[in-house]
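Asks: The structure's right below; bear with me while I get my questions together.
The values are calculated or read from the model by the stated rules, or taken from the named source; none is laboratory data. Bear in mind that the values here come from a model prediction, so they are computed numbers and not experimental data. Note that we place each Cβ from the backbone using ideal geometry, even for glycine, and neighbour counts take in every protein chain shown. Calculation scope for accessible area: heavy atoms of the full protein, side chains included, ligands and nucleic acids excluded. Shrake-Rupley method; radii C 1.70, N 1.55, O 1.52, S 1.80 Å.
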Amino acid sequence: MTELSVGVVGARGYVGLELLRLLGGHPELAVSVALSRSAAGAPVGAHVAAAYRAPPFSGTGSLPDFDPALRFEDLSPAEAAAREVDAWVLALPNDHAPAWVAALTARRPVVPILDLSSDHRGDDGWIYGSPERLRARLAGARRVANPGCYATGAFLALAPLVARLAGPPSAFGVSGYSGAGTTPSARNDPARLRDNLVPYALVGHAHERELCRHLGHEVRFVPHVAPFFRGIVVTVSLELREPTSAAELEALYREAYAGEPLVTVTRDVPEPRAAVEHHHVTLGGCAVSGRHAVVVATLDNLLKGAATQAVQNLNLMLGRAELAGIAVP
């Protein structure tokens with residue numbers, strides 16, 4: 001099958017780094033354009049290797065061999081739009097994607113674009129990129145909004161239960177500080193986070209709005225950032241219309257995600273450390289008292305919460321096997 005080319009905008013950040021690593025080892029997709037203002041001129045392969053192995057990343061996964069000629073570039077949206085690639089991935093901070101979409105679309109209206117920011121998760125013209133729930137709609141799609149990292153875990157935990165909910169569920173999320181990105185802030189300052197847990201955006205978080213929209217049900221979500229670098233745990237507390245048991249709830253999840261290689265259902269309470277550098281979401285620890293139920297979701301925020309899901313979506317958009325380029329045990 002013919003190799004397809006991908007352009008990545010915002011390729012230097014934590015998510016961009018994981019995305020480049022996965023695409024660099026993809027059997028049918030190849031990065032041909034990697035844009036980063038701060039890393040412009042640097043060889044992509046050397047940069048990925050150095051950044052991935054160094055603290056705070058300190059990754060242990062395998063690294064691909066990139067074309068030595070592939071270097072980061074600093075291009076404007078209009079300049080990037082002139083490049084002939086088969087698909088674009090926007091790994092940009094929130095509020096930056098629309099200008100790029102406008103420029104890329106003006107040049108090639110049907111070029112596939114995958115947006116990893118929150119900018120298009122509420123746009124009816126974009127498909128919400130949850131392969132496990134919306135796979136059929138994603139096949140051949142031209143505009144896909146990658147779900148948020150917290151929202152990925154909470155969405156998969158709640159989607160099978162929406163019809164059974166008696167009220168708004170509550171999701172308590174804790175993420176490693178890589179979720180705050182590379183720009184220095186109070187939420188990724190190791191000194192402030194040491195021996196600490198920092199709540200933030202206590203109402204109206206973007207992932208709360210995202211969950212409400214795509215679940216079609218009201219949700220309460222409160223995020224926190226912890227001293228560890230990567231990983232997420234979301235504890236979802238909910239009230240059901242009818243009493244159930246932990247065994248019945250676990251069986252419901254097993255049925256809902258049967259045959260899904262990137263969703264693991266366990267009886268144990270999953271912990272975020274076990275999710276690090278893995279591609280799947282784990283749902284488990286189902287506990288029930290009458291109509292009150294709790295389920296826990298864990299995932300790696302940089303992988304299944306971002307880059308792994310992006311590769312799944314790209315594969316579906318471009319007619320490739322969904323798990324191509326993703327090492328599944």
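Asks: Helices (runs of 4 or more DSSP H) wholly in region 149-235 with at least 1 residues that are out of contact with any Lys or Arg (no Cβ under 8 Å at 6 or more places or on another chain) and within 22 Å of HIS279 (Cα to Cα) - which ones?
Replies: Numbers: elements: 149-158, 190-193, 206-215.
The qualifying helices (runs of 4 or more DSSP H) are 149-158, 206-215.
Asks: I would also like to ask the following. Please give the number of the condition SER58 fails out of (1) more than 17 Å from THR308 (Cα to Cα); (2) out of contact with any Phe, Trp or Tyr (no Cβ under 9 Å at 6 or more places or on another chain); (3) surrounded by fewer than 22 Cβ atoms within 10 Å (Cβ to Cβ).
Replies: The failed condition is (2).
Asks: A further question on this structure: Restricting to region 282-314, what's the tally of residues that are under 21 Å from ALA180 (Cβ atoms) and assigned to a strand (DSSP E or B)?
Replies: Adding up the residues that qualify gives 3.
Asks: Now, a different point. Check whether at least one residue in region 101-111 is closer than 28 Å to VAL276 by Cα and modelled with pLDDT of 95 or more, and report yes or no. Give the steps one after another, and end with the answer.
Replies: Going through region 101-111, the residues closer than 28 Å to VAL276 by Cα turn out to be none.
No, every residue in region 101-111 fails to be closer than 28 Å to VAL276 by Cα and modelled with pLDDT of 95 or more.
Asks: State the number of residues belonging to region 297-329 that are open to solvent by 10 Å² or more (accessible area, probe 1.4 Å), more than 11 Å from LEU262 (Cβ to Cβ) and β-branched (Val, Ile, Thr).
Replies: 0
Asks: Between a residue in region 173-190 that is on the phi < 0 side of the Ramachandran plot and any residue that is among the charged types (D, E, K, R) and part of a helix (DSSP H, G or I), which pairs come within a Cβ distance under 7 Å, given they are 6 or more apart or on different chains?
Replies: TYR177/ARG187; ALA180/ARG187; ALA186/ARG192
Asks: Could you grab me the full set of residues in region 95-110 that are within 21 Å of VAL15 (Cβ to Cβ), in contact with an Asp or Glu (Cβ under 9 Å, 6 or more places away or on another chain) and open to solvent by less than 80 Å² (accessible area, probe 1.4 Å)?
Replies: Hits for region 95-110 are ALA97, PRO98, TRP100, VAL101.
Asks: Moving on. Mind listing just one residue for me: the one in region 164-210 that is hydroxyl-bearing (Ser, Thr, Tyr) and over 18 Å from the mean Cα position of the chain (by Cα) and, of those, farthest from GLU242 (Cα to Cα)?
Replies: Within region 164-210, the subset hydroxyl-bearing (Ser, Thr, Tyr) is 170, 175, 177-178, 182-183, 185, 200.
Add one more test, that the residue is over 18 Å from the mean Cα position of the chain (by Cα), and what stays is 170, 183, 185, 200.
Details: SER170: 18, THR183: 46, SER185: 44, TYR200: 33 Å.
Applying the filter and picking the extreme gives THR183.
Asks: For region 249-269, does any single residue satisfy the condition of being open to solvent by less than 50 Å² (accessible area, probe 1.4 Å), touching a His at 6+ places or on another chain (Cβ under 8 Å) and part of a strand (DSSP E or B)?
Replies: For region 249-269, residues open to solvent by less than 50 Å² (accessible area, probe 1.4 Å), touching a His at 6+ places or on another chain (Cβ under 8 Å) and part of a strand (DSSP E or B): present.
Asks: Sort out which residues of region 197-246 are among the aromatic types (Phe, Trp, Tyr) and in contact (Cβ under 8 Å) with a residue 60 or more places away in the chain, and write them in order of number.
Replies: Correct list: PHE221, PHE229.
Asks: Please verify whether region 83-96 includes one or more residues that are of a type outside the set (A, V, I, L, M), in contact with a Phe, Trp or Tyr (Cβ under 9 Å, 6 or more places away or on another chain) and at positive phi.
Replies: no
Asks: Got a sec? Which of ALA287, ALA293 is within 18 Å of LEU252 (Cα to Cα) and open to solvent by less than 10 Å² (accessible area, probe 1.4 Å)?
Replies: None of the others qualify; the one that does is ALA293.
Asks: Another question about this same structure. Looking at region 64-92, which of its residues are exposed (fewer than 15 other Cβ atoms within 10 Å of the Cβ) and either hydroxyl-bearing (Ser, Thr, Tyr) or within 30 Å of ASP300 (Cβ to Cβ) (or both)?
Replies: ASP65, ASP67, PRO68, ASP74, SER76 - these are the residues of region 64-92 that are exposed (fewer than 15 other Cβ atoms within 10 Å of the Cβ) and either hydroxyl-bearing (Ser, Thr, Tyr) or within 30 Å of ASP300 (Cβ to Cβ) (or both).
Asks: Looking only at region 8-35, count how many residues are open to solvent by less than 20 Å² (accessible area, probe 1.4 Å), modelled with pLDDT of 95 or more and not hydrophobic (A, V, I, L, M, F, W, C).
Replies: Matching residues across region 8-35 total 2.
Asks: I'd like the residue in region 126-140 that is open to solvent by 10 Å² or more (accessible area, probe 1.4 Å) and assigned to a loop (DSSP other than H, G, I, E, B) and, out of all such residues, is nearest to GLU255 (Cα to Cα).
Replies: ALA139
Asks: Give me the pairs, please: first residue somewhere in region 27-53 and farther than 20 Å from HIS96 by Cβ, second residue anywhere and part of a helix (DSSP H, G or I) and open to solvent by less than 10 Å² (accessible area, probe 1.4 Å), beta-carbon distance under 7 Å, and either six or more positions apart or on two chains.
Replies: Sorted first by the residue in region 27-53, then by its partner, the pairs are LEU29/LEU23; LEU29/LEU314; VAL44/LEU20; VAL48/LEU17; VAL48/LEU20; ALA51/LEU17; TYR52/LEU17.
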